[in-house]
Amino acid sequence: MYKVLIVDDEKRMLDLIVLYLQPHQYICKEALGAMEALSYINQETFDIILLDIMMPEMDGWELCQEIRDISDVPIIMLTARDQHEDIIKGLRLGADDYITKPFNEEELLARMSAILRRREPKSYVEVNGLIWNKDRFELTYRTNPIKVTPKEFIMIGHFMRNPNQVFAREHLIDLIWGVDSETGGRTVDSHVRNMREKIRQTGFPIDDYFKTVWGVGYKWANNP
């Protein structure tokens, strides 16, 4: 299940895209314009962004630049303009793909799926002797196994695969417990404490890498 941010200045278009995506297991967040989109991006993490170009106050090209300053999240530009120069401009600014309105539902889904497949997360990550191996469902430090729960395993793997990104508690709840879960932030904090302690006991300097971002959530720093 992927989390998508849809940015457009027309509410009708936002709602239409949500209708396309929701049956295909996408978690959709609607942003009515660039400023609202920026506020969401600073608070949450998304797997892909669908970005309209022609918007007031800040157009899609400017917003694309702003996003690229802080994130490499995949971006598909959505626009009624199909000039060759516009396509090149969007791609040079960091967009991953470009689709012209009115677009075909199947084409949009296919392009999103292709980009997300290329961005499939690693199944094996190693940081200073700490190894997360999804295929074996193992977390080890210098070959010594670390006994973590399934939810703790998913959590530490998510952070190790996405270094230097801040993840809010709400994002972790959606990822690990599910969108409809009634789990709260305290449960996330409890899992984090237990996970940290188990890894700390092996001798790995977890506190140098796993950071609390006060008032927001947590992040993994590969260069502490």
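Within the stretch 76-95, does at least one residue satisfy the condition of being under 23 Å from A114 (Cβ atoms), open to solvent by less than 50 Å² (accessible area, probe 1.4 Å), touching a residue at least 12 places away in the same chain (Cβ under 8 Å) and of a type in the set (K, R)? Explain how you work it out, then say what you get.
Let us first name the residues in the stretch 76-95 that are under 23 Å from A114 (Cβ atoms), namely 76-82, 84, 86-95.
Then keep just the ones that are open to solvent by less than 50 Å² (accessible area, probe 1.4 Å); that gives 76-79, 86, 90, 93-95.
From the residues that got through so far, the ones that are touching a residue at least 12 places away in the same chain (Cβ under 8 Å) too are 76-79, 86, 90, 93-95.
Next, from what is left, pick out any that are of a type in the set (K, R): none.
Looking for residues that are under 23 Å from A114 (Cβ atoms), open to solvent by less than 50 Å² (accessible area, probe 1.4 Å), touching a residue at least 12 places away in the same chain (Cβ under 8 Å) and of a type in the set (K, R), one finds none in the stretch 76-95, hence no.
Could you pull out the residue among M54, M58, M35 that is assigned to a helix (DSSP H, G or I), closer than 16 Å to D8 by Cα and either of a type in the set (D, E) or open to solvent by 20 Å² or more (accessible area, probe 1.4 Å) (or both)?
On the way: M54 fails: assigned to a helix (DSSP H, G or I); M58 fails: assigned to a helix (DSSP H, G or I).
M35 is the lone residue from the list that is assigned to a helix (DSSP H, G or I), closer than 16 Å to D8 by Cα and either of a type in the set (D, E) or open to solvent by 20 Å² or more (accessible area, probe 1.4 Å) (or both).
Contact list please: Cβ distance under 7 Å, first residue in the stretch 108-131 and over 11 Å from P74 (Cα atoms), second residue of a type in the set (S, T, N, Q) and open to solvent by 30 Å² or more (accessible area, probe 1.4 Å), pairs at least six apart or on different chains.
That search, which allows pairs on different chains as well, returns V127/N222.
Could you pull out the residue among R196, R200 that is open to solvent by 20 Å² or more (accessible area, probe 1.4 Å), without any contact (Cβ under 8 Å) to a residue 24 or more places away in the chain, farther than 24 Å from Y2 by Cα and in contact with a strand residue (DSSP E or B) (Cβ under 8 Å, 6 or more places away or on another chain)?
R196
Please determine, by comparing only the residues of the stretch 174-224 that are in a loop (DSSP other than H, G, I, E, B) and of a type in the set (F, W, Y), which one is modelled with the highest pLDDT. Working first, answer last.
Here is the first cut: in the stretch 174-224, the residues in a loop (DSSP other than H, G, I, E, B) are 177-184, 201-205, 214-216, 221-224.
Narrowing the set further to residues that are of a type in the set (F, W, Y) leaves 177, 204, 214.
On the way: W177: 84, F204: 96, W214: 87.
Here the residue is F204.
Do we find a residue being outside any helix (DSSP H, G or I), at pLDDT below 90 and more than 26 Å from A168 (Cα to Cα) anywhere in the stretch 83-90?
Within the stretch 83-90, the subset outside any helix (DSSP H, G or I) is 83.
Next cut, at pLDDT below 90 only: 83.
Subsequent filtering for residues that are more than 26 Å from A168 (Cα to Cα) retains 83.
Within the stretch 83-90 (the criterion being outside any helix (DSSP H, G or I), at pLDDT below 90 and more than 26 Å from A168 (Cα to Cα)), the answer is yes, since at least one residue qualifies.
Mind listing whichever residues of the stretch 148-173 are open to solvent by 40 Å² or more (accessible area, probe 1.4 Å) and part of a helix (DSSP H, G or I)?
P150, K151, I154, R161, R169, E170
The conditions are (1) exposed (fewer than 13 other Cβ atoms within 10 Å of the Cβ); (2) in contact (Cβ under 8 Å) with a residue 60 or more places away in the chain; (3) not polar (S, T, N, Q), and I70 fails exactly one of them. Which is it?
(2)
Can you tell me how many residues in the stretch 122-147 are closer than 20 Å to N223 by Cβ, in a loop (DSSP other than H, G, I, E, B) and within 21 Å of the chain's Cα centre (by Cα)?
Selection size over the stretch 122-147: 1.
The values are calculated or read from the model by the stated rules, or taken from the named source; none is laboratory data. This structure is a prediction, so every number in the text was calculated from the model and none was measured. Here the Cβ is made from the backbone with ideal geometry for all residues, glycine too, and neighbour counts use every protein chain on show. Keep in mind that these areas ignore ligands, DNA and RNA; they rest on the heavy atoms of the full protein, side chains included. Shrake-Rupley method; radii C 1.70, N 1.55, O 1.52, S 1.80 Å.
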